[in-house]
Every structure is written in C-alpha cells, then in structure tokens.
C-alpha cells in the first residue's frame with residue numbers, strides 16, 4: 001500500500017527541515033507566493049512532482065534570503081530551468 005503524499009506546508013516544512021510551528025504563517029505566505037509566481041510565469045497549477053518542487057524551491061530561496069539588507073544576486077538557475085520545462089510542457093506532460 002502506497003503512503004499518502006504529504007501536501008502543502010507539511011511537505012515544505014519537511015523539505016526545509018523545519019519541525020517547529022511558529023513560522024507557519026511565513027511558510028504559508030511563501031508557499032502561496034510560489035504558486036502565484038509560477039502562475040505569473042505562465043505555468044498552470046499542477047500536482048505534478050516538478051511543479052511541487054518548483055514551488056518549494058521558490059519558498060526555500062525566499063525563506064533563506066529573507067534578510068532585506070542582503071541583495072540576492074539573481075535567482076536559482078535550477079528553479080529557472082524547472083519553470084522553463086513546466087512552461088513548455090503540454091498540460092498532460094506535467
């Protein structure tokens with residue numbers, strides 16, 4: 001029997017190795033921002049593993065670089081590559 005897949009914030013917290021709950025509001029905002037970012041990039045929302053990874057990478061980048069005094073030099077090349085793949089894939093391929 002297959003294990004049920006983790007969803008949403010639980011999956012993100014596991015990805016970031018966060019066990020506490022006091023940043024759940026921030027993580028929720030970053031998770032939702034990732035969805036919006038992908039939508040704005042022309043990627044349809046999906047339950048595909050690559051889409052979920054892109055959303056988690058977006059949240060992780062912004063979680064780790066949330067200090068406003070530090071300038072982010074560009075964006076993750078890995079995330080950019082995933083977004084291009086998702087944007088160019090047919091809806092059934094994702």
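The values are calculated or read from the model by the stated rules, or taken from the named source; none is laboratory data. No experiment lies behind these values; they were computed from the predicted model shown. Here the Cβ positions follow ideal geometry from the backbone for every residue, glycine too, while neighbour counts run over all protein chains shown.
Quick grid of which residues meet (1) at pLDDT 90 or above; (2) surrounded by 17 or more Cβ atoms within 10 Å (Cβ to Cβ):
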residue	(1), (2)
22	yes, no
27	yes, yes
36	yes, no
67	no, no
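Evaluate the range 39-49: report whether one residue or more is part of a helix (DSSP H, G or I) and surrounded by 13 or more Cβ atoms within 10 Å (Cβ to Cβ).
Initially, the range 39-49 is screened for residues part of a helix (DSSP H, G or I), giving 39-40, 49.
From the residues that got through so far, the ones that are surrounded by 13 or more Cβ atoms within 10 Å (Cβ to Cβ) too are none.
No; the residues of the range 39-49 include none that is part of a helix (DSSP H, G or I) and surrounded by 13 or more Cβ atoms within 10 Å (Cβ to Cβ).
Scan the range 30-48 residue by residue and report those that are within 11 Å of the chain's Cα centre (by Cα) and closer than 15 Å to residue 7 by Cα. Reasoning before the result, please.
Initial filter on the range 30-48 (within 11 Å of the chain's Cα centre (by Cα)): 30-38.
If the condition is that a residue be within 11 Å of the chain's Cα centre (by Cα) and closer than 15 Å to residue 7 by Cα, then 30, 31, 32, 34, 35 are the ones that fit.
Counting just the residues of the range 1-20 that are over 19 Å from residue 82 (Cβ atoms), in a helix (DSSP H, G or I) and touching a helix residue (DSSP H, G or I) at 6+ places or on another chain (Cβ under 9 Å), which one comes out modelled with the highest pLDDT?
Looking at the filtered set, the residue picked out is 13.
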